[in-house]
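K.L.:
One structure follows; several queries about it will come next.
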Number of protein chains: 2
Amino acid sequence: MNYCSNCGNRVVLKVPEGDFLPRHVCPNCGTVHYLNPKIVVGSVPEYQGRILICRRGIEPRHGFWTIPAGFMENDETLQAGAAREAKEEARIQVEIGSLLLLANVTHARQVHVFFRSRMLTPDFGVTHESLEVKLVTADEIPWDELAFPSTEFALRRYVEDRAAGQERHHVAEMHRRFG
Amino acid sequence: MNYCSNCGNRVVLKVPEGDFLPRHVCPNCGTVHYLNPKIVVGSVPEYQGRILICRRGIEPRHGFWTIPAGFMENDETLQAGAAREAKEEARIQVEIGSLLLLANVTHARQVHVFFRSRMLTPDFGVTHESLEVKLVTADEIPWDELAFPSTEFALRRYVEDRAAGQERHHVAEMHRRFG
């Protein structure tokens, strides 16, 4: 951040009075610009026992498999955001269910919030964000070709919990991928 | 948002290619400025059966009672943020426990994430953010003088769950206060 988004003046880095961290502050209009983590919302969609996954058509991790998820927008709930992403990435209509994963992705300055979801119809399709979309059994999940640590974590817990007949929620930390 | 925080040019509102919502876009450097909901992290701290609450010394809701909570910062986990807020608002050291509440506060463009927490020592004190800090029994909670809907929701579920011997998590929507 170089300029004040309110008045266009150059900002300076300083600790505002009563604060404890340096912030981008505008010496002209006084605005303090805070930078906060972003929320990624998504779901593991299921239809008659099979799980829907998408092959990413955009960066990062182009070509790798993921569940429908993306940045939460203003003026929507977590569940509405997760349903919107399912529609945008896989052209599916879902009913959002229980909380599956609340994940700290600190290195990316993100928090991921994933739910279970139920596809209301068997229809799905590719979009400009997805190269390929398919319904798979638990055994068919391409574990070595998943896009993000939180994708793998969510799918593993989903499959385990389902096998145990439970809908548990998980709070976890995701670390940077290596290699 | 009026100016590009990257180059200082005036921004325009338009729907970027492949997007579906109008964004603040810089016609000079091409930066798209997204606005996303912010995360508020906090906890219900307990010490030997009593609950810690703080009377707010800052706006909004100056003078009303709350649990220690505030905006999550970059480069910290949800739990680290909740522990930091407990220290900043009540000078307490806590161990963060199970997830209590995940709340959509859509009208404020916030998501609240509250945990249970355990005070490691009985020490607490006021800060510039809190006029008063105290440990109360469930019967002593000032229900009519709580700061926010999520404060009341979290405390009610906390007390109920504890009475039932459970540590459940709740996913809920908070609506604007009236009056």
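K.L.:
Out of A:125, A:49, which single residue is without any contact (Cβ under 8 Å) to a residue 40 or more places away in the chain, more than 14 Å from chain B (Cβ to nearest Cβ) and either closer than 30 Å to residue B:76 by Cβ or open to solvent by less than 50 Å² (accessible area, probe 1.4 Å) (or both)? Reasoning before the result, please.
P.N.:
Working: A:49 fails: without any contact (Cβ under 8 Å) to a residue 40 or more places away in the chain.
Of the residues listed, the single one that is without any contact (Cβ under 8 Å) to a residue 40 or more places away in the chain, more than 14 Å from chain B (Cβ to nearest Cβ) and either closer than 30 Å to residue B:76 by Cβ or open to solvent by less than 50 Å² (accessible area, probe 1.4 Å) (or both) is A:125.
K.L.:
Give the residues of the range B:28-39 that are more than 10 Å from every other protein chain (Cβ to nearest Cβ) and within 28 Å of the chain's Cα centre (by Cα), sorted by residue number.
P.N.:
Kept after step one, since they are more than 10 Å from every other protein chain (Cβ to nearest Cβ), are these residues of the range B:28-39: B:28-32.
Residue satisfying the conditions is B:32 alone.
K.L.:
Another question, then. Taking residue A:151, is it modelled with pLDDT of 95 or more and away from chain B (no Cβ under 14 Å)? First the steps, then the outcome.
P.N.:
Details: modelled with pLDDT of 95 or more: yes; away from chain B (no Cβ under 14 Å): yes.
Yes: the conditions hold for residue A:151.
K.L.:
Taking interchain pairs and intrachain pairs at least six residues apart, which have beta carbon atoms under 9 angstrom, with the first residue in the range A:147-174 and surrounded by fewer than 20 Cβ atoms within 10 Å (Cβ to Cβ) and the second of a type in the set (A, V, I, L, M) and part of a helix (DSSP H, G or I)?
P.N.:
Hits for this filter: A:159/A:138; A:162/A:138; A:163/A:138; A:170/A:154; A:171/B:78.
K.L.:
Here is a follow-up. Looking at the range A:65-74, can you tell me whether even one residue there is of a type in the set (Gly, Ala, Ser), at pLDDT 95 or above and closer than 30 Å to residue A:142 by Cα?
P.N.:
Within the range A:65-74, the subset of a type in the set (Gly, Ala, Ser) is A:69-70.
Right, trim to at pLDDT 95 or above and you get A:69-70.
Restricting the remaining residues to those that are closer than 30 Å to residue A:142 by Cα gives A:69-70.
Checked the range A:65-74: at least one residue is of a type in the set (Gly, Ala, Ser), at pLDDT 95 or above and closer than 30 Å to residue A:142 by Cα.
Residue-by-condition table, conditions (1) under 19 Å from residue B:104 (Cα atoms); (2) open to solvent by less than 20 Å² (accessible area, probe 1.4 Å); (3) more than 8 Å from chain A (Cβ to nearest Cβ):
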{"site": "B:4", "(1), (2), (3)": "no, yes, no"}
{"site": "B:26", "(1), (2), (3)": "no, yes, yes"}
{"site": "B:67", "(1), (2), (3)": "yes, yes, yes"}
{"site": "B:83", "(1), (2), (3)": "no, no, yes"}
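K.L.:
Kindly indicate whether any position in the range B:41-48 is out of contact with any helix residue (DSSP H, G or I) (no Cβ under 8 Å at 6 or more places or on another chain) and not aromatic (Phe, Trp, Tyr). Spell out the reasoning first.
P.N.:
Residues of the range B:41-48 that are out of contact with any helix residue (DSSP H, G or I) (no Cβ under 8 Å at 6 or more places or on another chain), as a first pass: B:46-48.
Next cut, not aromatic (Phe, Trp, Tyr) only: B:46, B:48.
Yes, the conditions are met somewhere in the range B:41-48.
K.L.:
How many residues does the range B:108-122 hold that are open to solvent by 80 Å² or more (accessible area, probe 1.4 Å) and under 11 Å from residue B:43 (Cα atoms)?
P.N.:
Counting residues in the range B:108-122 that are open to solvent by 80 Å² or more (accessible area, probe 1.4 Å) and under 11 Å from residue B:43 (Cα atoms) gives 1.
K.L.:
Can you tell me which residue in the range A:86-122 is farthest from the other protein chains (Cβ to nearest Cβ), limited to those that are in contact (Cβ under 8 Å) with a residue 60 or more places away in the chain and under 12 Å from residue A:68 (Cβ atoms)?
P.N.:
Filtering first and then ranking leaves A:119.
The values are calculated or read from the model by the stated rules, or taken from the named source; none is laboratory data. This structure is a prediction, so every number in the text was calculated from the model and none was measured. Here Cβ is always computed from backbone atoms with ideal geometry, including for glycine, and neighbour counts include all displayed protein chains. When the accessible area is computed, the model is the full protein with side chains, heavy atoms only, and any ligands, DNA or RNA have been set aside. Shrake-Rupley method; radii C 1.70, N 1.55, O 1.52, S 1.80 Å.
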